[in-house]
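The values are calculated or read from the model by the stated rules, or taken from the named source; none is laboratory data. Bear in mind that the values here come from a model prediction, so they are computed numbers and not experimental data. FYI the Cβ positions are ideal-geometry reconstructions off the backbone, even for glycines, and counts take in every protein chain you see. Calculation scope for accessible area: heavy atoms of the full protein, side chains included, ligands and nucleic acids excluded. Shrake-Rupley method; radii C 1.70, N 1.55, O 1.52, S 1.80 Å.
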Amino acid sequence: MKKKNLVVANWKMNPESAVEAKSIFSSIKKLVSKLKGSDVVVCPPFVFLDLFLKSKNPKNLFLGGQNISSERKGPFTGEVGASMLKSLGTKFVILGHSERRNPNGPNESDEMINKKIRLSLENKITPILCVGERERDKDGTYLEFIKNQLKWSLIGLSKKELLEVIIAYEPVWAIGKSYKESMSPTDIHEMVLFIRKYVGEMFGNGLDHSLPILYGGSVEVENSYQILKIGNVNGFLVGHDSLVPARFGEILKIAEKK
Ligand code: PGA
């Protein structure tokens, strides 16, 4: 049986108020309740998580964090631990997003991301590991870059643990633009094959096909059908279009059909 597609909404640091957040979430809830063939994860800023976890949600709608600390607990002002998310009932967490790996921002290393993956697995929270090159070059150096991200973020995990991880391929240059500047579905397919093959080699044969891979980077209504069809992904990580329920709803309908 074909696995369900997974659509993850990454709200980043939006919207600006709880009132607005509640209104977007309640529209998304209605949209998701009509779906049968796909699961949806909404990842709002931490402060809104509990509001949404307390509401009565459709079975195929889950909540996720956008990050966790690489430490368990203690004197880490401003951080949020994996066990705290677990205690609220959060089922997913985005880890290693490029905005957190940003050298001019939080500058998270693969080593930190590896610790975070382990902590999320320990707490039964599904990690969504983001990888992706900042830029492309003709010599293919970006492929080595992605291999390294995968290698050091996943190192030490058992095969069983790896199967709990969802990989999101997000080329950084394609994030936050319009579908016209996103990656072509054929190039996405190539990268999906590359990632499956590399992770398959890393963990031993036989699992390359079971690895769920999402694509993120300017997924909009206009390109989502082609990305699913030609890109051969298991779903999307959607940023800006996930904050506009009418548009997000169209993406969900596409994920449902394909
Ligand atoms: P975008 O964001 O859809 O706005 O490009 C995707 C992401 O950064 O996860």
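Subtracting the Cα-Cα distance of Asn232 and Ser17 from 0.36 nm times their residue separation leaves 73.8 nm of extension gain. Couplings 3J(HN,Hα) for region 153-170, derived from phi with the Karplus relation 6.51 cos²θ - 1.76 cosθ + 1.60 (θ = phi - 60°), are 7, 9, 4, x, 6, 7, 4, 4, 5, 4, 5, 8, 8, 9, 9, 10, 8, 9 Hz, where x marks Gly and Pro. Taking Cα centre as origin and charging only the Cβ of basic (Lys, Arg, +1) and acidic (Asp, Glu, -1) residues, the dipole magnitude of the chain rounds to 1200 debye. Past 27 Å, Cα to Cα: identify those pairs from Lys86/Lys160; Lys30/Lys258; Lys4/Lys29; Lys147/Lys177; Lys29/Lys159, in the order given. From Lys86/Lys160; Lys30/Lys258; Lys4/Lys29; Lys147/Lys177; Lys29/Lys159, over 27 Å: Lys29/Lys159. For region 144-152, 3J(HN,Hα) computed residue by residue from phi via the Karplus equation (6.51, -1.76, 1.60; θ = phi - 60°) reads 4, 4, 5, 4, 5, 4, 5, 4, 7 Hz, glycine and proline entered as x. Equivalent-ellipsoid semi-axes for region 136-258 (Cα gyration tensor, √(5λ), whole Å, largest first): 26, 17, 12. Note that region 26-39 has calculated 3J(HN,Hα) couplings of 5, 5, 5, 4, 4, 5, 5, 5, 8, 8, 10, x, 8, 9 Hz, one per residue in order, obtained from phi through the Karplus relation 6.51 cos²θ - 1.76 cosθ + 1.60 (θ = phi - 60°); glycine and proline are x.
Computed on region 75-197, the Cα convex hull volume stands at 136 Å³ per residue.
With a cut-off of 15 Å on the backbone N, the residues of region 219-234 near the modelled label site 7 Å out from Lys257 along Cα-Cβ are 221-230.
When peptides 121-128, 95-102, 13-20, 194-201 are ranked by their average number of other Cβ atoms within 10 Å per residue, the highest-first order is 95-102, 121-128, 194-201, 13-20. With the Kirkwood sum run over all distinct C-alpha pairs, region 1-110 has a hydrodynamic radius of 15.1 Å. Per-residue ellipticity at 222 nm computed for the chain from its helices equals -13000 deg cm²/dmol, with DSSP H segments shorter than 4 residues left out and the rest contributing -39,500 (n - 2.57).
Calculated on C-alpha atoms, the gyration radius of the chain divided by its Kirkwood radius gives an Rg/Rh of 0.93. The figure for Thr186 is an accessible area of roughly 90 square angstrom, using a 1.4 Å probe on the protein chains alone. What separates the Cα centres of region 50-102 and region 30-49 is a distance of 14 Å. The accessible area of Lys229, taken with all protein chains in place and a 1.4 Å probe, comes to roughly 110 Å². Per the 1.4 Å probe, what fraction of the accessible area of the chain, in percent, lies on carbon and sulfur atoms? C and S fraction of accessible area: 54 percent.
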